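A short write-up of the structure that comes next.
No value in this document is a laboratory result; all are computed from the given coordinates. Being a predicted model, the structure only gives us computed values, none of them experimental. Cβ atoms come from the backbone with ideal geometry, glycine included; neighbour counts cover every protein chain shown.
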Amino acid sequence: MRARGCWATLFLLFVIVRASAQKVQPEESAHHRGPHGLEGWTLNSSIPDRPNEKFPFTLMLSRKGKIIRQISGDPFVWNWIFWADGRQIAYESGPLHFSMQCILVDIATGRQLAKYDCWAPLPENAPNWAKALEINR
């Protein structure tokens, strides 16, 4: 009886370890080339109430094949562009509904340089990088 219980426990542990190892990995979006060897893409995963859809949670940036920056959305990175000849990245971040922030980040340091509410149509005096994001949609 003890041997049977031991084998059952080992089998259960194997199933648990195997299931945790098979967690769904995020899918990469298409890669987009930027200036000076830059490349960017998003990592897309599903959410519990929409398991068959993929959403862009993280923006990945690389230079000449080496990852140099990861930017997490709040919670999603909807749209992004290289800006200032590749020294900066501008992106739209927000939830599924009712909010959107346009954010400008220095690629070298990861420091946020500016943030702009871009849920409503942009006014004439909006920053050029935010306008460029809107055009890029």
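Under a point-charge model restricted to the Cβ atoms of Lys and Arg (+1) and Asp and Glu (-1), what is the dipole moment magnitude of the stretch 62-137 relative to its Cα centre, in debye to the nearest 20? Walk me through the numbers before you get to the answer.
Details: 9 positive and 7 negative charges, 96 e Å.
I would put it at about 460 debye.
When ranked by the protection proxy of mean other Cβ atoms within 10 Å per residue, highest first, what sequence do the peptides 84-96, 116-128, 63-75 form? Working shown, then result.
Numbers: 84-96: 18.0, 116-128: 11.8, 63-75: 13.4.
In descending order of packing, they fall as 84-96, 63-75, 116-128.
Can you pull the percent of Cα pairs in the stretch 18-109 with separation above 16 Å?
Pairs farther apart than 16 Å: 56 percent.
Under a point spin-label approximation (7 Å from Cα along Cα-to-Cβ), what is the Asn125-Leu113 distance to one decimal in nm?
Between Asn125 and Leu113, the label points sit 2.1 nm apart.
Please report the base-10 log of the normalised intensity I(q)/I(0) for the stretch 66-130, using a Debye sum with one equal scatterer per alpha carbon and no solvent, at each q in 0.12 (1/Å).
-0.29
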